[in-house]
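Computed from the coordinates by the stated procedures, all read-outs in this text should not be read as laboratory data. Note that the structure is a prediction, hence the values are computed from the model and not measured. Note that we place each Cβ from the backbone using ideal geometry, even for glycine, and neighbour counts take in every protein chain shown.
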Amino acid sequence: MPAPPDRARGVRRAVVMTMGALHDGHAALVRAARARVGADGQVVVTVFVNPLQFGPGEDLDRYPRTLDADLRVAADAGADTVFAPAADEVYPGGEPQVRVAAGPMGARLEGAHRPGHFDGMLTVVAKLLHLTAPDVAYYGQKDAQQLALIRRMARDLNFPVEIVGVPTVREPDGLALSSRNRYLDPAGRRTALALSRALTAGAAAAHEGPEAVRTAARRALAASRDAAPPLETDYLALVDPADFREVTGEFAGEAVLAVAARVGATRLIDNVRVPLTPPGAAGDPLTEGTP
Ligand code: AMP
């Protein structure tokens, strides 16, 4: 029997959560949400710079706040409502005592470099899901570990919402759109291109296995170590999207090649999906045809 249409299943409201300074990556999420709920459904965009997910010395105070422009971007992309609460509306009693713990996956990669970040992120996502009560929520693959953790939270804690990931929107030269790109001057932007260049180089080595992917990507990053301004890499990792552990040569399926690096005071992250075939599997050009 064919599945009932979304409307019959009660998919009426979609939410897109953001920290504002909206760009075309955010707009892609809003457009996907609108396409899903149809003209009669409701698309809610939240704009909230969540203090709980920023560590000491991070960019909470200087994070771009551009609400008037955000209202236009959201409306143009098809949103009905922008929910932009103040911090004391979201946390009326100050910082919450009870929080969501991101667990082991939340301690890897981004979590290792930003302690507490994912607990703070999941806590506000849980609150915003309760406050907006959507049937479906859209997140970008740009923040792959965040997306994986939100999926895991929804599953582990029985949130009655469908979580959907949307591919990363990039500039024509490959740079992933990010609100933090506004911090970059032209020279910094040139250095920042090393992230997407490294991911492309890594993905091109997929048929040679995980180590070749890492080596190719690392080499591309190293080429920008002496650029002006220089690129300082926090991590480069090829991981299983289910748990964000490094994959081995036996891994089959889509791994995630993820990078985080700093250009001056600007910290950027990016990732791509890398299809891996273990040695000896069908389709491996080195072994295909052998008995
Ligand atoms: P942010 O405002 O940076 O917290 O991002 C809000 C949402 O937009 C998150 O789900 C991000 O993953 C997503 N997002 C940010 N940048 C992009 C991009 N370049 N392409 C697609 N989605 C993005």
Exercise. Within the range 35-51, track down each residue that is under 18 Å from the mean Cα position of the chain (by Cα) and assigned to a strand (DSSP E or B).
Key: V45, T46, V47
Practice problem: For residues that are closer than 23 Å to P85 by Cα, more than 10 Å from the ligand (Cβ to nearest atom) and free of Cβ contacts under 8 Å to residues at least 24 places away in the same chain, tally how many sit in the range 120-153. | Solution: 1
Quiz prompt | Odd one out for V45, checked against (1) more than 13 Å from the ligand (Cβ to nearest atom); (2) within 25 Å of N271 (Cα to Cα); (3) touching a helix residue (DSSP H, G or I) at 6+ places or on another chain (Cβ under 7 Å) | solution = (1)
Exercise. Kindly indicate whether A32 is within 11 Å of the ligand (Cβ to nearest atom), under 20 Å from the mean Cα position of the chain (by Cα), surrounded by 14 or more Cβ atoms within 10 Å (Cβ to Cβ) and not hydroxyl-bearing (S, T, Y).
Key: yes
Quiz item: List the pairs whose first member sits in the range 216-236 and is closer than 14 Å to A203 by Cβ, whose second member is in a loop (DSSP other than H, G, I, E, B), and whose Cβ atoms are under 9 Å apart, counting only residues at least 6 apart or on separate chains?
Solution: A216/A205; A217/A205
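Would you be able to tell me the number of residues in the range 137-184 that are more than 17 Å from the chain's Cα centre (by Cα) and of a type in the set (A, V, I, L, M)? First the steps, then the outcome.
In the first step, residues of the range 137-184 are kept if they are more than 17 Å from the chain's Cα centre (by Cα); the result is 155-161, 172-173, 182-184.
Within this subset, residues satisfying the condition of being of a type in the set (A, V, I, L, M) are 157, 161, 184.
Count: 3.
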Quiz item: When residues of the range 171-186 are filtered for being within 10 Å of the ligand (Cβ to nearest atom) and among the acidic types (D, E), how many remain?
Solution: 1
Quiz prompt | Residues of the range 83-141 satisfying the condition of being in contact with a helix residue (DSSP H, G or I) (Cβ under 9 Å, 6 or more places away or on another chain) and farther than 20 Å from A154 by Cβ | solution = A84, P85, A87, Y91, G94, E95, L109, R114, P115, G116
Exercise. Run T168 past the list (1) farther than 18 Å from R31 by Cβ; (2) within 16 Å of the ligand (Cβ to nearest atom) and report the number of the one that doesn't hold.
Key: (1)
Quiz item: Of the numbered conditions (1) more than 12 Å from the ligand (Cβ to nearest atom); (2) more than 17 Å from N50 (Cα to Cα); (3) in contact with a helix residue (DSSP H, G or I) (Cβ under 6 Å, 6 or more places away or on another chain), R189 satisfies every one except a single condition; which is it?
Solution: (3)
